[in-house]
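*Asks:* Before I ask anything, let me first share the structure, which is written out below as structure tokens.
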Amino acid sequence: GDQEFRVFYKHIEDFNLTIYNRWGEVIFYTEDINEGWDGTYLGGMMPIGTYPWVVNYKGEGEWGTLRVKDGRVTLLK
């Protein structure tokens, strides 16, 4: 079925998600926490592989410091 890579957090402000290719080019960017990456770039499916991602976010209220998380998503056919 259709799979998307997305982030699940609650009580978040100032969210963004960036996914890169192996050369460090941005292939996906969103500021909408409900939007996920479907594995495509410029209308075409990206090759099987591992893609780095970075999330920047702030929590609400007293947790309002900027936080950064990063990891890798593996794209399979």
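*Asks:* Within segment 46-77, how many residues are open to solvent by 30 Å² or more (accessible area, probe 1.4 Å) and farther than 17 Å from Ile12 by Cβ?
*Replies:* 8
*Asks:* Only one of Val26, Val7, Val68 is out of contact with any Gly (no Cβ under 6 Å at 6 or more places or on another chain) and at pLDDT 95 or above. Can you tell me which?
*Replies:* Val26
*Asks:* Pairs under 6 Å by beta carbon, first residue under 21 Å from Tyr29 (Cβ atoms) and polar (S, T, N, Q) in segment 58-70, partner in a strand (DSSP E or B) and open to solvent by less than 100 Å² (accessible area, probe 1.4 Å), six or more apart or different chains?
*Replies:* From residues that are under 21 Å from Tyr29 (Cβ atoms) and polar (S, T, N, Q), there are no pairs.
*Asks:* Return the residues of segment 17-37 that are open to solvent by 80 Å² or more (accessible area, probe 1.4 Å) and within 17 Å of Val68 (Cβ to Cβ); say none if nothing qualifies.
*Replies:* Tyr29, Glu31
*Asks:* Yes or no: segment 8-16 includes at least one residue that is open to solvent by less than 30 Å² (accessible area, probe 1.4 Å), in contact with a strand residue (DSSP E or B) (Cβ under 8 Å, 6 or more places away or on another chain), part of a strand (DSSP E or B) and of a type in the set (Val, Ile, Thr).
*Replies:* no
*Asks:* Report every pair of residues separated by at least 6 positions or lying on different chains whose Cβ atoms are under 8 Å apart, first residue within segment 32-54 and aromatic (Phe, Trp, Tyr), second open to solvent by 70 Å² or more (accessible area, probe 1.4 Å).
*Replies:* Trp37/Glu4; Trp37/Arg6; Tyr51/Arg22; Tyr51/Arg72; Tyr51/Thr74; Trp53/Asp70; Trp53/Arg72
The values are calculated or read from the model by the stated rules, or taken from the named source; none is laboratory data. Keep in mind that this is a model prediction, so the values were computed, not measured. Note: ideal-geometry Cβ built from the backbone for every residue, glycine included; neighbour counts use all protein chains shown. Ligands, DNA and RNA are excluded from the accessible area calculation, which covers all protein heavy atoms including side chains. Shrake-Rupley method; radii C 1.70, N 1.55, O 1.52, S 1.80 Å.
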